[in-house]
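Trainee: Provided herewith is a single structure, encoded as structure tokens, for subsequent inquiry.
The values are calculated or read from the model by the stated rules, or taken from the named source; none is laboratory data. Here the structure is a predicted model, which means the values were calculated and not measured. When we count neighbours, we look across all protein chains shown, and the Cβ atoms used for this are built from the backbone with ideal geometry, even at glycine.
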Amino acid sequence: MSDSSPLISVVMITYQHEKYIAEAIKSVLAQTFKDFELIIVSDGSTDKTDEIINSFQDDQILYIYQENQGPSTAINNGIIASRGKYIALMSGDDVCYPQRLELQYQYLDNFDKKIVFSWVDFINDDSQPFIGEHFAQNYFNHPNRTRSEILNWFFMKGNYLCAVTALVEKEILLEAGLFNLASIQIQDFDMWAKLVKNYDIYIVEEKLVKYRIRSDSNNLSSHPSNSVRTLFEWHQTSKNILDNIPIELFKLAFSNQIRNDNFQIGYEYELEKAFLYLKHDLPLFQSIGTENLFRLMQKEEFLSIAKSKYSFNLIDLYKLTKNTDITNSEFIQQTQSELERLQAQLQESQSGLKQLQAQLQESQFGLKQLQAQLQESQFGLERLQAQLQESQSELARSQAQFQQPQSELARSQAQLQQSEQCLRAMESSKFWKLRNAWFKLKGLTIK
């Protein structure tokens, strides 16, 4: 590695990334911006990640191996070892586009800024465009906002900045105390929430990083098994998210939520922050506001200001604490009652199911009887059809026998008609007339 300090230090943290780490390293080494060093920190990887990293022989690479301690420790160790003015964050399973460092540095240099992010593309395990739905698709690629708008968004909705796209001046990370070692889920959000209080945050609205969505759900931020811990860390960060905000920035950020537009720094400011928590949609934040008011209004100074400036007294506080169930005991009781009701419904449904099964068995038995009767009827029908066919054959034979005498009768009738015609012809002949006259002369009777 060169003795001269590079302008940018790319800090890449990795853990069990043997399938992806080579592509990640190559994407950094292929940057169009060349004045950088690549610091790779392996957080106790036990697969072939370290072997693959060591296969790269490049003077720009500094490799650090540490026992598994989590991403915050890995990032901090990389920052401490860095020599650049700026820190570019990177993960061992993501991929940089070649122009990432160049475009981000141009913005910081041209506008004298200290922190910048970018948009991302989404890829799958095979580095192909991700197809499907994932929370990150509507999470990272947001438009630019003012510092006050970002602060409001952070408080009301949470983080929307993609950590692996960050390019930050090293000095402000050191001033902020580096990343929270106790946090493993939202340590990046904790840092951005600190920085936005004093520095503008800009997003290059171009996709400069490929963010990998793992098919095995091993993205640390989105693994289902980490949801409880994420909520816990969010609660801890939320307790302090409104601390040390310049009063004018606070008024700009929460102009639609503050209760007294003319509040002053000191007692009034602290009360405004407590009341702001109460206006949050989440019970988690509301409980923080109630806890803060409970702490503040133990002092006469705050109690007096609350009464005079906010028309809020101890009775109002008691109403809040009555409904602030920080142990979730009421929710648990309601859940148990609901569970018991569902169990009763289930038992009733099971009883009804048994009845239906009995009815079904009875119906099946009846169906079998009907099928037997149907088979018997079909057999009888077949016999009748056979008898009918036999009767039809017999009728056909009888018709044939009947037709023969009819034919003979018709011939006899024809012969009779012919004889009658001959007789009439003879009677009308001259011979017959002479014959009759002769018989009369002789005195013979003609019959």
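Trainee: Based on what the data block shows, is Phe285 within 22 Å of Phe232 (Cβ to Cβ) and surrounded by 17 or more Cβ atoms within 10 Å (Cβ to Cβ)? Walk me through it before giving the result.
Mentor: Values: within 22 Å of Phe232 (Cβ to Cβ): yes; surrounded by 17 or more Cβ atoms within 10 Å (Cβ to Cβ): yes.
Answer is yes for this residue.
Trainee: The conditions are (1) closer than 24 Å to Phe140 by Cα; (2) not in a strand (DSSP E or B), and Ile87 fails exactly one of them. Which is it?
Mentor: (2)
Trainee: Specify which of the listed residues (Ser118, Ser127, Ser148) is among the small types (Gly, Ala, Ser), surrounded by fewer than 20 Cβ atoms within 10 Å (Cβ to Cβ) and modelled with pLDDT of 95 or more.
Mentor: Going through Ser118, Ser127, Ser148 in turn, just one is among the small types (Gly, Ala, Ser), surrounded by fewer than 20 Cβ atoms within 10 Å (Cβ to Cβ) and modelled with pLDDT of 95 or more: Ser148.
Trainee: Six or more apart or on different chains, Cβ under 7 Å: which pairs go from a residue in segment 76-88 that's without any contact (Cβ under 8 Å) to a residue 60 or more places away in the chain to one that's crowded, with 22+ Cβ neighbours inside 10 Å? Could you list them?
Mentor: Asn77/Val41; Ala81/Ile39
Trainee: Just name the residue that is farthest from Pro71 (Cα to Cα) out of those in segment 169-183 that are crowded, with 18+ Cβ neighbours inside 10 Å and out of contact with any Lys or Arg (no Cβ under 7 Å at 6 or more places or on another chain).
Mentor: Selected residue: Leu173.
Trainee: Of the residues Ser72, Ser127, Ser118, which is in a strand (DSSP E or B) and touching a residue at least 12 places away in the same chain (Cβ under 8 Å)?
Mentor: Values: Ser72 fails: in a strand (DSSP E or B); Ser127 fails: in a strand (DSSP E or B).
Residue meeting the stated conditions: Ser118.
Trainee: Modelled with pLDDT of 85 or more and either in contact with a strand residue (DSSP E or B) (Cβ under 8 Å, 6 or more places away or on another chain) or of a type in the set (D, E, K, R) (or both): is that true of Ile245 in this structure?
Mentor: Answer is no for this residue.
Trainee: Here's another thing I want to ask about it. Of all residues in segment 142-163, how many are closer than 13 Å to Leu249 by Cα and in a loop (DSSP other than H, G, I, E, B)? Let's see the steps before the verdict.
Mentor: As a first pass, look at segment 142-163 and keep what is closer than 13 Å to Leu249 by Cα: 146-152.
Filter again for in a loop (DSSP other than H, G, I, E, B), leaving 146.
Total meeting the criteria: 1.
Trainee: Now, a different point. What do you reckon, is Lys279 in the same structural domain as Asp325 (by TED's automatic domain parsing) and modelled with pLDDT of 95 or more?
Mentor: Working: in the same structural domain as Asp325 (by TED's automatic domain parsing): yes; modelled with pLDDT of 95 or more: no.
Considered against the rule, which asks whether it is in the same structural domain as Asp325 (by TED's automatic domain parsing) and modelled with pLDDT of 95 or more, Lys279 comes out as no.
Trainee: Taking Asp109, is it surrounded by fewer than 23 Cβ atoms within 10 Å (Cβ to Cβ) and free of Cβ contacts under 8 Å to residues at least 24 places away in the same chain? Spell out how you get there, then give the answer.
Mentor: Working: surrounded by fewer than 23 Cβ atoms within 10 Å (Cβ to Cβ): yes; free of Cβ contacts under 8 Å to residues at least 24 places away in the same chain: yes.
Yes.
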